[in-house]
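Have a look at the structure below, then the notes.
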Amino acid sequence: MRRIGFILAVVALVSPGAALAQSWAEYVSSEDHFLINFPGEPTVRDIGYEEGHAELETMTNRQLPIITARLYSAERGDSRYVLTVVNYSNIDHPTTLKSALPYAILKYRQMGEVTYDMYAHIDRVDGHQLQITRPDGRRLFVALHFHYPDRRLYILEAEVPPGETPPALFQVSLQFLDQEGNSIRYQIDDAGNATRQQR
């Protein structure tokens, strides 16, 4: 009986699934101040964050400058992992900044059947998590966090086929970095004030 257990363990270690699991690695962006685990080296490209631009202008009753974003993406089998970092550094109006996260959440809620919809935070950076089942059965796991000091919106998307293991490693591995590349978190005091600390 022990021998059968040993053989099964060896098969699991040398299987393609185990090899794929070992391909996950930390990726650091000094430009966008984050660290995250990706299944391999992501493709990086600059994009215009135009989706919903007009609607956000209407919501905030303000004309907005062009908002840019950087998209990091990688694939593992039939699953796709994307981190979009939207740069709001040229936006000064507080209402516009506070509207960015709720508006992005609203747009994702329209993408399919929402099966999980909850507040979340990473190192005390406010955010939200959604799980969405698409019409074709694929599942979309979304985490959104707005880091107000840097004026950046981080949107994590992991889309997996039906029955695939939820991509928890991708979402929980996000860390925010300071200008020197150190991981940071926030400490909240009794009065509700936040102070930045190195992790």
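Using 0.36 nm per residue, how much length does the chain from residue 148 to residue 183 gain when fully extended, once their Cα-Cα distance is taken away?
Length gained, residue 148 through residue 183: 11.0 nm.
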message: Give me the extension gain from residue 124 to residue 26: residue separation times 0.36 nm, minus the current Cα-Cα distance, reported in nm with one decimal.
response: 33.2 nm
statement: The orientation-averaged projected area of the Cα convex hull of region 24-198, in nm², is 10.7
message: Just to be sure I understand the model, the point goes 7 Å from the Cα along the line to the Cβ. What's the resulting residue 168 to residue 90 distance in nm?
response: 4.1
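FYI, it's all coordinate maths here, none of it is from the lab. Since the model is a prediction, treat every value here as computed from it, not as a measurement. Here Cβ is always computed from backbone atoms with ideal geometry, including for glycine, and neighbour counts include all displayed protein chains.
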